[in-house]
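Read the structure below first, then the notes.
The values are calculated or read from the model by the stated rules, or taken from the named source; none is laboratory data. None of the values given here were measured: they were computed from a predicted structure. Using ideal geometry, Cβ is built from the backbone for each residue, glycine included, and neighbour counts are taken over all protein chains shown. Ligands, DNA and RNA are excluded from the accessible area calculation, which covers all protein heavy atoms including side chains. Shrake-Rupley method; radii C 1.70, N 1.55, O 1.52, S 1.80 Å.
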Amino acid sequence: MKLFGEKAVRRILMVTAFSALSGLLLIALFILNEGLPFIFKYGIKEFLFSSDWYPHLGKFGIYPMIVASLWVTLGAMIVGAPLGVFGAIFLSEYTPRPVMKIIKPTIELLAAIPSVVYGFIGVMVLAPIIRANFGGPGLSLLAASIILGIMILPTVISISIDSILAVPQSYREGSYALGATTWQTTHMVTIKASKSGIIASIILGLGRAIGETMAVIMVAGNSVNIPNTPLDSVRTLTANIALEMSYATGMHRQALFATGVVLLIVIIILNSLASVAIRKRMVKR
Amino acid sequence: MESKIFAPLKMEISNVDLFYGKFQALKSVNMAVQQNIITALIGPSGCGKSTLLRALNRMNDLIPGVKITGKILLDQTDIYKSGMAVTELRTRVGMVFQRPNPFPLSIYDNVAYGLRVAGITGKKELNEIVEKSLVGAWLWDQVKDKLNRSALDLPLDQQQRLCVARLLTIQPEVILMDEPCSSLDPIATMKIEELMIELKKNYTIVIVTHNMQQASRVSDYTGYMLLGEMIEFNDTKTLFTRPSKQLTEDYISGKYG
Ligand SMILES: Nc1ncnc2c1ncn2[C@@H]1O[C@H](COP(=O)(O)OP(=O)(O)O)[C@@H](O)[C@H]1O
Ligand SMILES: [Mg+2]
């Protein structure tokens with residue numbers, strides 16, 4: 001039975017796609033509309049590079065939060081990127097295919113764990129360990145880096161595995177046929193051939209880390225300050241928005257939207273870098 | 001099976017059975033590879049030529065579920081004996097593949113690859129051997145000005161000769177070639193064939209081809225395979241002019257496939 005004609009289906013699909021797209025566009029426009037005027041009114045330099053965040057005094061410098069976000073993201077990368085990339089290499093090149101085909105979806109499932117659960121583990125397990133062993137409040141830049149590093153693993157591993165598996169088997173065979181070992185083959189050919197995909201996986205992981213909010217609020221400590229050591233408490237851009245949005249009004253509220261604009265721009269840049277990296281890989285083939 | 005031996009034996013294959021899981025791809029295959037001789041394997045597609053060739057340098061080890069029994073000797077040593085160093089075996093028995101498969105690296109890095117794998121890193125030594133091998137594969141003049149360009153930008157026939165050059169650097173004793181001309185045009189094919197005859201002076205060559213003219217042009221010995229069995233193995237001239245088996249005659253006269 002034919003429920004809808006070809007034309008009707010096309011029209012329905014078009015409407016759905018259009019509403020999805022326009023929804024996203026509206027959100028972006030809304031944030032820009034609320035945030036941009038503030039940035040220009042307050043002064044771009046003052047907003048981005050002043051360390052004074054005193055909303056009740058009308059001072060809105062987000063520099064400490066920018067620094068914190070960058071450190072947390074860098075920390076997450078230091079923790080997550082090597083683990084993820086080496087994990088992906090191990091799974092794709094050293095694990096029998098049938099085993100890998102079970103483990104990979106399992107790891108991808110980790111991405112579906114709500115971030116509040118990661119945050120909870122951070123608070124209950126990780127922060128006390130850091131406090132006991134290194135001192136400081138425990139809820140810190142270090143804790144946030146480690147938790148985020150773990151949270152980006154599924155992204156890094158999954159996309160890295162995909163790009164390593166996309167390397168033609170003939171490259172590996174050519175290498176083995178010249179007397180190379182598995183490790184030589186892996187680092188002299190396979191990784192080189194999948195480099196841009198691996199880089200893309202890390203950049204996408206970065207995007208995830210910089211945008212993460214709930215887990216970071218729970219483990220980072222949230223003091224507005226420029227950290228001197230990894231054990232210091234920090235507040236990221238996302239945490240700042242989430243923590244203050246509920247009671248912010250007027251200029252303060254606009255400043256939070258402006259913070260959102262900064263995040264939006266950073267994430268757009270990261271994602272474009274990732275897609276350039278992925279496209280480069282496809283062109284090369 | 002009659003076979004006139006006029007050169008020392010380099011490899012000896014006896015009673016080799018090979019299974020991909022439950023599927024038997026080689027059935028009690030016997031063959032003798034003589035030194036500085038071109039041995040050709042012919043037969044219809046799917047008869048086990050590539051499988052046999054890949055058994056000679058244990059490339060089949062890379063495929064899960066492959067079982068092999070029987071003996072394959074290289075200079076009287078069983079290459080499947082336990083404790084055999086497979087990576088060293090593959091430097092002695094090298095391989096050129098059906099589709100040219102240069103690495104996505106520069107021309108220079110492609111040719112230097114096997115040397116670096118072997119731990120040779122001296123710039124001067126690398127340069128020397130790379131040049132010599134490219135000359136040996138008749139490719140030096142075409143690429144000497146663009147050694148840093150990607151090997152993937154070369155035309156297919158030059159890519160295939162690059163793969164030969166890449167192999168020559170490590171001085172294998174035996175070169176296995178699996179339909180090395182199947183993706184090349186007739187002129188490029190002729191060039192590779194001439195190269196093979198030149199290489200024969202220093203190397204022992206086993207070539208798989210589904211092209212009977214090619215086998216009769218370049219090889220000294222030919223094996224005809226069918227459904228995993230070595231139907232007939234003899235010197236090329238005899239095999240093509242006076243085959244001893246009816247099946248062989250059917251194939252070379254074009255009644256089969
Ligand atoms: N990796 C493999 N797994 C299972 N069967 C294979 C594999 N490779 C080849 N075969 C089978 O083994 C037989 C011989 O293959 P092959 O040696 O490639 O033949 P040829 O090179 O003569 O065309 C074919 O029936 C093919 O389907
Ligand atoms: Mg074949």
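What the table shows:
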| item | result |
| --- | --- |
| Fully extended contour minus Cα-Cα distance, from B:Leu227 to B:Lys201, at 0.36 nm per residue | 6.1 nm |
| Positive-end residue of B:Phe233, B:Tyr251, A:Ser163, charge dipole of the protein assembly as shown with Cβ unit charges | A:Ser163 |
| Rounded tilt (10° steps) of A:63-89 against the dominant C-alpha axis of chain A | 10 |
| Region A:100-223, relative contact order in percent, only Cα pairs under 8 angstrom and at least six apart counted | 41 |
| Between region B:168-238 and region A:190-260, the alpha-carbon center distance in angstrom | 62 |
| Per residue solvent-accessible surface (Å²) - region A:67-143, probe of 1.4 Å | 53 |
| The protein assembly as shown - charge dipole about Cα centre, Lys and Arg +1 at Cβ, Asp and Glu -1, debye rounded to 20 | 740 |
| Placed amide H near B:Ser106: partners under 5 Å, 5+ positions off or other chain | B:Ala151 |
| Length-normalised contact order of region A:46-284 in % [C-alpha pairs under 8 Å, at least 6 apart] | 27 |
| Mean ellipticity per residue at 222 nm, deg cm²/dmol - from DSSP H runs of n ≥ 4 across chain A, formula -39500 (n - 2.57) | -23000 deg cm²/dmol |
| With at most 16 neighbouring Cβ atoms within 10 Å, loop chymotrypsin sites (Phe, Trp or Tyr not before Pro) (DSSP) excluded, longest segment of chain A | A:5-246 |
| Other-chain or far-sequence residues with amide H under 5 Å of B:Met177's (modelled H) | B:Val96, B:Val206, B:Ile207, B:Val208 |
| Accessible surface buried upon A-B contact (total; probe 1.4 Å; Å², nearest 100) | 1700 |
| Residue of B:Leu162, B:Leu176, B:Leu115 that the Gaussian network model of chain B assigns the largest fluctuation, springs spanning Cα pairs under 10 Å | B:Leu115 |
| Fluctuation leader among B:Gln35, B:Gln24, B:Gln160 - chain B, Gaussian network, Cα springs under 10 angstrom | B:Gln24 |
| Phi-based couplings in Hz for region A:224-229 (Karplus 6.51, -1.76, 1.60; Gly and Pro marked x) | 6, 6, 7, x, 9, 9 |
| Kirkwood Rh in Å, taken over region A:46-284 so that all alpha-carbon pairs contribute | 19.2 |
| ³J(HN,Hα), Karplus 6.51/-1.76/1.60, whole Hz, each residue of region A:39-49, x for Gly, Pro | 4, 6, 5, 7, x, 4, 5, 4, 5, 7, 10 |
| Threshold 20 Å² - residues in region B:92-113 whose accessible area is reduced by that much or more when the chain is no longer isolated, probe 1.4 Å | B:Phe97, B:Asn101, B:Phe103, B:Pro104, B:Leu105, B:Tyr113 |
| Surface per residue (accessible, 1.4 Å probe) for region B:9-252, Å² | 41 |
| Accessible-area composition of chain A, carbon plus sulfur, in percent [1.4 Å probe] | 73 |
| At least 50 Å² accessible surface lost relative to isolated chain, residues of region B:40-72 (1.4 Å probe) | B:Leu62 |
| Long-range HN-HN contacts of B:Lys10 with modeled amide H, under 5 Å | B:Val33, B:Gln34, B:Gln35 |
| Within the accessible area of region B:135-210 (1.4 Å probe), percent carbon and sulfur | 50 |
| Inter-centroid distance (Cα atoms) of region A:87-109 relative to region B:14-51, Å | 34 |
| Residues along region A:165-185 losing 20 Å² or more of accessible surface when the other protein chains are present rather than the chain by itself (probe 1.4 Å) | A:Ser170, A:Tyr171, A:Glu173, A:Gly174, A:Tyr176, A:Ala177, A:Leu178, A:Gly179, A:Ala180, A:Gln184 |
| Derived scalar couplings ³J(HN,Hα) [region B:9-15; Karplus, 6.51 cos²θ - 1.76 cosθ + 1.60; whole Hz; x for Gly, Pro] | 6, 9, 10, 9, 10, 10, 6 |
| Relative contact order %, chain B, counting alpha carbon pairs below 8 Å whose residues are six or more apart | 29 |
